[in-house]
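The values are calculated or read from the model by the stated rules, or taken from the named source; none is laboratory data. Everything quoted here is computed from the prediction, not taken from an experiment. All Cβ positions, glycine included, derive from the backbone under ideal geometry; neighbour counts span all protein chains shown.
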Amino acid sequence: MTKNSGHGKRARRTLGAGVMLLVLAAGAPAQDNRSWKPLAADNVHDPASPAVTQLQAPGEALSKLPPASGGNLVRWGAALQQGLIAPRSGADAKSGSDAMVLELDVLLDPNGSLPPVRFAHADHTRWLDCSNCHPQLFEMQKGASGISMLRILEGEQCGTCHGAVAFPLTECKRCHNQPWGAAAAPKGKP
Ligand code: HEC
Ligand code: HEC
Ligand code: HEC
């Protein structure tokens, strides 16, 4: 019993400290502590290549974009929506963005042990074509693709991109983003 109440006190103290941190965070302007490796040290570019001095430094380009906690530390969806970037649909300098944005959410795993996943087509079709996912990765029918976290972690399904070119799988909450029971009518569905 004494042991338990000790734990309780410690938990309350930790909670108190957490609330303090939150208050501090709300009061002060958010500090951006992000940093990116220079091209010559990123283990991707050849440090001897002249391109390393000609290309824009990642820190210079990425520090202006909204922060994320994982991957390359940028919230790309927000950057796009705020008009900070304007990706082209092709390598041709003349090609514009002809993305066909689909406002259709699919609620996945509504009764799982983790909060449900609201898959927003809009977040994806701002840059991807239907054919990037359908029909190879997913059926065009809710519940028909046998989606599972195990397969995602093995680099299939959502894991084809997340952890490779999109934010990493360690960012659980960005996918498990929906409170249980609160999603009776996802966007795009009556
Ligand atoms: C990034 C991947 C991705 C892209 C791109 C994508 N979809 Fe989907 N789509 C999904 C997933 C995941 C599901 C859910 C599949 C499941 O539950 O088995 C889905 C389901 C659907 C469904 C069924 C919805 C339902 O409630 O039954 C339709 C219709 C659909 N997509 C149409 C499209 C169209 C049209 C496009 C292009 C404009 C598109 N999708 C682009 C991943 C994608
Ligand atoms: C074909 C590639 C691809 C597939 C497959 C894919 N995604 Fe994405 N997803 C992206 C890209 C690219 C972005 C935008 C870049 C980023 O946020 O890192 C994105 C963004 C998101 C976002 C928005 C996050 C935010 O906070 O802005 C969520 C949530 C998400 N994906 C969940 C999923 C889920 C769940 C699946 C599987 C059902 C899935 N994605 C499958 C490429 C993909
Ligand atoms: C890219 C998106 C994405 C990320 C990131 C992600 N998950 Fe998932 N997770 C899913 C989807 C989609 C499902 C739904 C599978 C289904 O319908 O059963 C799922 C299902 C699950 C399940 C239910 C078991 C299962 O296989 O269905 C657990 C547990 C889970 N995830 C844990 C985690 C944990 C822990 C993390 C972080 C380390 C994480 N997930 C990160 C997309 C994601």
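Glu139 - would you say it is touching a Ser or Thr at 6+ places or on another chain (Cβ under 7 Å) and either of a type in the set (D, E, K, R) or surrounded by fewer than 17 Cβ atoms within 10 Å (Cβ to Cβ) (or both)? Against the criterion (touching a Ser or Thr at 6+ places or on another chain (Cβ under 7 Å) and either of a type in the set (D, E, K, R) or surrounded by fewer than 17 Cβ atoms within 10 Å (Cβ to Cβ) (or both)), Glu139 qualifies. Annotation for region 91-104: no member residue is buried (at least 16 other Cβ atoms within 10 Å of the Cβ), touching a helix residue (DSSP H, G or I) at 6+ places or on another chain (Cβ under 9 Å) and modelled with pLDDT of 90 or more.
Can Ala183 be described as at pLDDT below 95, assigned to a loop (DSSP other than H, G, I, E, B), more than 16 Å from ligand 3 (Cβ to nearest atom) and surrounded by 13 or more Cβ atoms within 10 Å (Cβ to Cβ)? Against the criterion (at pLDDT below 95, assigned to a loop (DSSP other than H, G, I, E, B), more than 16 Å from ligand 3 (Cβ to nearest atom) and surrounded by 13 or more Cβ atoms within 10 Å (Cβ to Cβ)), Ala183 does not qualify.
Of all residues in region 98-130, how many are over 22 Å from Ala68 (Cβ atoms) and more than 10 Å from ligand 2 (Cβ to nearest atom)?
Step one: filter region 98-130 for residues over 22 Å from Ala68 (Cβ atoms), giving 98, 100, 102-104, 106-107, 109-113, 129-130.
The next check asks that each one be more than 10 Å from ligand 2 (Cβ to nearest atom); those that pass are 98, 100, 102-104, 107, 110-113, 130.
Final tally of qualifying residues: 11.
Annotation note: of Leu114, Leu108, the sole residue that is in the same structural domain as Ile152 (by TED's automatic domain parsing) and surrounded by 13 or more Cβ atoms within 10 Å (Cβ to Cβ) is Leu108.
Inspection of region 53-65 identifies at least one residue that is in a loop (DSSP other than H, G, I, E, B), within 13 Å of ligand 2 (Cβ to nearest atom) and surrounded by 15 or more Cβ atoms within 10 Å (Cβ to Cβ). Exactly one residue among Gly159, Gly155 is modelled with pLDDT of 95 or more, in a helix (DSSP H, G or I) and not basic (Lys, Arg), and that residue is Gly159.
Taking first residues from region 113-136 that are part of a helix (DSSP H, G or I) and near ligand 1 (Cβ under 10 Å from one of its atoms) and partners that are hydrophobic (A, V, I, L, M, F, W, C) and modelled with pLDDT under 95, the Cβ contacts under 6 Å between residues at least 6 apart in sequence or on separate chains come to Ala122/Val101; Thr125/Val101.
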